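The values are calculated or read from the model by the stated rules, or taken from the named source; none is laboratory data. Just so we're clear, the structure is a prediction, and the values are computed from it rather than from any experiment. Here Cβ is always computed from backbone atoms with ideal geometry, including for glycine, and neighbour counts include all displayed protein chains. Areas reflect the complete protein model, heavy atoms only, side chains present, ligands, DNA and RNA absent. Shrake-Rupley method; radii C 1.70, N 1.55, O 1.52, S 1.80 Å.
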Amino acid sequence: MSWLLNHQRAFRLALLRLLQTPFATLFTLLVVGLALSLPSAMYVGLKNLNHWLGHLPISPEISVFTQTDDPAALRTLEQSIRGEAGVSAVRLIRREDALKTLAQQLNINDLVDGLARNPLPHTLVVTLGPDTPPDRYSQLQQKFAALPTVLAVQYDAALNQKLHALRQLVANAALGLGFLLAIAITAVVANTIRLQILTQRDEIEVSMLIGATDAYIRRPFMYFGLLQGLLGGLTALLLLAGFSWLTQPYLAEFTQSYGNTFIPQSLSLSEAIALPVCTAALASLSAHIAAMRHLHRMRPSL
Amino acid sequence: MISFSQVSKRFKGGQQALNNVSFTIESGEMVCVTGHSGAGKSTLLKLMAAIELPSNGTVLVANQNIGKLRPAAIPYLRRNLGLVFQDHKLLYERSVFDNTALPLLVQGVPRDEIGKRVRAALDKVGLLGFEKALPVTLSGGEQQRLCIARAIVSRPAVLLADEPTGNLDPEYARSIMDMFKSFHQVGVTVVIATHDETMLQYMGGRTLSLSHGVLQ
Ligand SMILES: Nc1ncnc2c1ncn2[C@@H]1O[C@H](COP(=O)(O)OP(=O)(O)O)[C@@H](O)[C@H]1O
Ligand SMILES: [Mg+2]
C-alpha cells in the first residue's frame with residue numbers, strides 16, 4: 001500500500017511543480033511541442049508524398065506479348081502469371097483492340113483497314129504491388145519470357161528503378177525524422193530535470209540523509225518528465241491540427257488537379273495516440289536517466 | 001548497538017580525522033563525544049550514519065557493517081537513526097510541519113498518521129502551534145528544537161546529535177539537554193557530540209574523549 005502511496009505522492013508533487021511555475025511550464029511545453037510538431041508535420045508530408053506516388057498513373061507495368069490465339073491457352077497463360085508473388089492485376093488487351101487503338105492514335109485507319117491480317121499479338125498487361133522491389137521485376141520478366149506461347153516481355157526498368165528509389169528515400173527520411181524527434185525530447189526533458197534538481201538540491205540532500213531511497217527521490221522527476229512528454233505530445237498534435245487546417249484550401253486545390261483520386265492523408269487515430277504515448281514514455285525514460293546521473297554526481301559526500 | 005573496532009578515517013585531501021578508534025555503545029546507553037574543534041567528533045557520528053565510510057577497521061551499527069553496506073541498504077539503516085546535524089540542514093522555504101514530516105514522507109507513512117506523529121514530535125520539543133511557521137521566523141534555539149523534532153518523529157532507536165547546543169545560552173542549552181535525557185529515559189540510545197565542558201558535566205554519564213582523531 002505504501003508503494004501506491006509513494007507513487008501517488010510523487011505524481012502529485014510532479015504535477016504541483018508543473019503548476020507552481022506556469023510560465024516556465026507553458027514555455028517548456030511549447031518548446032517540446034514545436035520540437036515534436038516539426039518532424040511530425042514532415043512525417044505527414046512524407047506520408048502524403050508516398051500516398052501520391054502510389055496513385056500516380058505511371059505505376060510500372062510489365063507487358064507480356066503472346067503468339068497464341070487459342071482462348072484456352074490464353075487463359076492458362078493468364079493464370080500462371082496471376083499465380084506469381086507480387087502480381088496485383090493482369091489485364092488482357094486483345095489484338096483487335098490494340099490495332100484499333102493504334103490506328104486511332106496514329107490516324108492511319110485507312111492503312112490498317114487495308115491490312116490482310118492483324119500483325120499485332122495479344123498482350124497481357126501485368127501490374128505489380130506498390131512495394132515490389134526492382135529485382136523482382138527483372139525476375140518476373142525472365143519467368144514470363146520462359147512461359148509457353150510468350151513472344152516477348154517488356155517493362156520500363158528505368159522508371160521502375162526511380163520510383164522504387166524515391167519510395168525508399170521517403171521511408172528512410174521518416175525513420176530519420178523519428179530519430180530527430182527522439183533526440184529533441186530527450187534533450188529538452190533532460191535539461192528541465194537538470195534545472196529542477198539544481199533548485200531542489202537541499203531538499204534532495206536532506207532527504208537522502210534521513211533515509212530516502214534513490215527510487216523515492218527519482219520518482220517525482222520521472223513523473224515530471226512523463227507529464228512533460230505527454231503534454232508536449234498533445235501540444236504537438238494541436239499545432240499539427242492547426243497547421244493542417246491552415247493548409248487545407250491549398251491541398252484541396254491540389255487534389256482537384258488530380259481528379260480527386262488522391263485523398264490528403266493526416267495522422268491516423270493510432271498514430272495520433274502513439275505520438276503522445278511514445279513521447280511520454282521517452283520523456284520519462286530520459287528524466288529517469290538524467291535524475292540518476294545528477295543524483296550520482298551529488299552523492300560523493302553522502 | 002554501535003561498535004567501532006580499530007577504525008581510521010582519512011579524507012581524500014590527506015586529513016586523518018580518526019586514528020585507530022575502538023569502543024562499544026550498548027543499546028539504551030547515553031554517551032557524549034567530546035574534544036577540541038577538529039578532533040573528529042562529527043566524523044565519528046557521520047560514520048555511524050554511513051554518511052562517511054571508514055578507511056580502515058569495522059563500524060557496526062545495529063549489527064550492520066557500515067563499510068560493507070550495499071548503497072541500496074543505506075536508506076533503511078538511516079531510518080533507524082534520528083540525526084541532528086551540526087549545520088541543522090533545515091529546509092528554509094518549508095513550514096515547520098513540512099520539515100518535521102519529511103522523514104515520514106520518505107518512509108511512505110499515510111497522511112493522517114503523519115499529522116498525528118508530527119504534532120506529537122512538535123509537542124515534545126515545545127513547538128506545537130508553530131506548524132505553519134517558516135524556520136527563518138524561529139529563534140536559534142527554536143530551530144534547534146525543530147531539528148530534534150525531525151530527528152525523533154519516526155521514533156528511532158538511536159539518536160545522534162552533533163553539537164545540539166552549539167550557539168545557545170547555557171539555560172536554553174540545558175533545556176535541550178534535558179530533552180535528550182528524557183529520550184534516554186524511555187530507552188533510546190543517545191550519542192551527543194559536544195565541545196562544551198559545562199554541558200558535559202551537566203549530562204554526566206559516559207564520555208568518549210577525542211584528541212586529534214585519537215580516543216583518549
Ligand atoms: N569532508 C572532509 N574532507 C576533508 N577533510 C575533512 C572533511 N570533514 C572533516 N575533515 C577534517 O577532519 C578533521 C575532523 O573533522 P570533524 O570530524 O568535523 O571535527 P569536529 O567535529 O570534532 O570539529 C578536521 O581536521 C577536518 O578538517
Ligand atoms: Mg563537528
Inset, instruction - Show the residues, 5+ positions off or on another chain, whose built amide H is closer than 5 Å to the amide H of residue B:193. - result: B:33, B:161, B:162, B:163
Inset, instruction - Ratio to report: Rg/Rh of chain A, with Cα atoms as the point set and Rh obtained by the Kirkwood method; give two decimals. - result: 1.26
Inset, instruction - Based on the mean of other Cβ atoms within 10 Å per residue, sort peptides A:79-85, A:224-230 so the most packed one is first. - result: A:224-230, A:79-85
Legend entry - Length-normalised contact order of chain A in % [C-alpha pairs under 8 Å, at least 6 apart]: 30 percent
Inset, instruction - Take every Cα pair under 8 Å in region B:119-161 that's 6+ residues apart, average their separations, divide by the length, and report that relative contact order as a whole percent. - result: 47 percent
Legend entry - Stokes-Einstein D in µm²/s, Kirkwood radius over Cα pairs - region B:146-189 at 37 °C with 0.692 mPa s viscosity: 299 µm²/s
Inset, instruction - Could you tell me which of rounded, prolate or oblate describes region B:35-153, using a ≥ b ≥ c as the square roots of the eigenvalues of the alpha-carbon gyration tensor, with rounded for a/c under 1.5 and, failing that, prolate when a/b is larger than b/c and oblate otherwise? - result: oblate
Inset, instruction - Please average, across the residues of A:197-209, the number of beta carbons from any other chain that are within 10 Å of each residue's own beta carbon, and give a whole number. - result: 4
Legend entry - Counting DSSP beta bridges with both ends in the protein assembly as shown, the antiparallel % (nearest 5): 65 percent
Inset, instruction - Throw me the Rg/Rh for region A:61-156, computed over C-alpha atoms with Kirkwood Rh, two decimals. - result: 1.02
Inset, instruction - For region A:87-234, evaluate the Debye formula with one uniform point scatterer on each Cα (no solvent term) and list log10 I(q)/I(0) at q = 0.12 Å⁻¹, rounded to two decimals. - result: -0.76
Legend entry - Over chain B, relative contact order from alpha-carbon pairs under 8 Å, at least 6 apart, %: 31 percent
Inset, instruction - Please report, as a whole percent, how much of the solvent-accessible surface of chain A comes from carbon and sulfur atoms (probe radius 1.4 Å). - result: 65 percent
Inset, instruction - Enter the Cα centre distance for the pair region B:1-20 and region A:200-226, rounded to the nearest angstrom. - result: 30 Å
Inset, instruction - Give the interface area between chains B and A as buried accessible surface, both sides summed, probe 1.4 Å, in Å² to the nearest 100. - result: 1800 Å²
Legend entry - Alpha-carbon centroid distance for the pair region A:17-34 / region A:155-178, whole angstrom: 39 Å
Inset, instruction - Please go through the residue pairs B:12/B:46; B:12/B:41; B:12/B:89; B:9/B:41; B:89/B:132 and name each one whose alpha carbons sit more than 20 Å apart in this structure. - result: B:12/B:89
Inset, instruction - State the answer as a single residue: which of B:97, B:139, B:107 lies farthest towards the positive end of the charge dipole of region B:90-154, with beta carbon charges of +1 for Lys and Arg and -1 for Asp and Glu, about the Cα centre. - result: B:107
Legend entry - Debye log10 I(q)/I(0) for chain B, one point scatterer per Cα, at q = 0.19 Å⁻¹: -1.45
Legend entry - Assigned charges on the beta-carbon of Lys, Arg, Asp, Glu; chain A dipole about Cα centre (debye): 1280 debye
Inset, instruction - Could you provide, to the nearest whole Å², the per residue accessible area of the protein assembly as shown with probe 1.4 Å? - result: 52 Å²
Inset, instruction - Scan chain B and hand back the longest stretch that contains none of the GluC sites (Glu not before Pro) lying in DSSP loops with at most 13 other Cβ atoms within 10 Å. - result: B:94-216
Legend entry - Under-5 Å amide H pairs with residue B:55, H placed in peptide plane, nonlocal only: B:8, B:9, B:10
Legend entry - Number of partner chain Cβ atoms within 10 Å, mean per residue of B:101-109: 6
Inset, instruction - Would you mind pulling out the separation of the Cα centroids of region A:62-113 and region B:75-124, in Å? - result: 89 Å
Inset, instruction - May I ask you to find the residues of region B:146-167 that are shielded by at least 10 Å² of accessible area once the whole protein assembly is considered instead of their isolated chain (probe 1.4 Å)? - result: B:150
Inset, instruction - Would you mind getting the Kirkwood hydrodynamic radius of region A:23-182 from its Cα pairs, rounded to one decimal in Å? - result: 19.2 Å
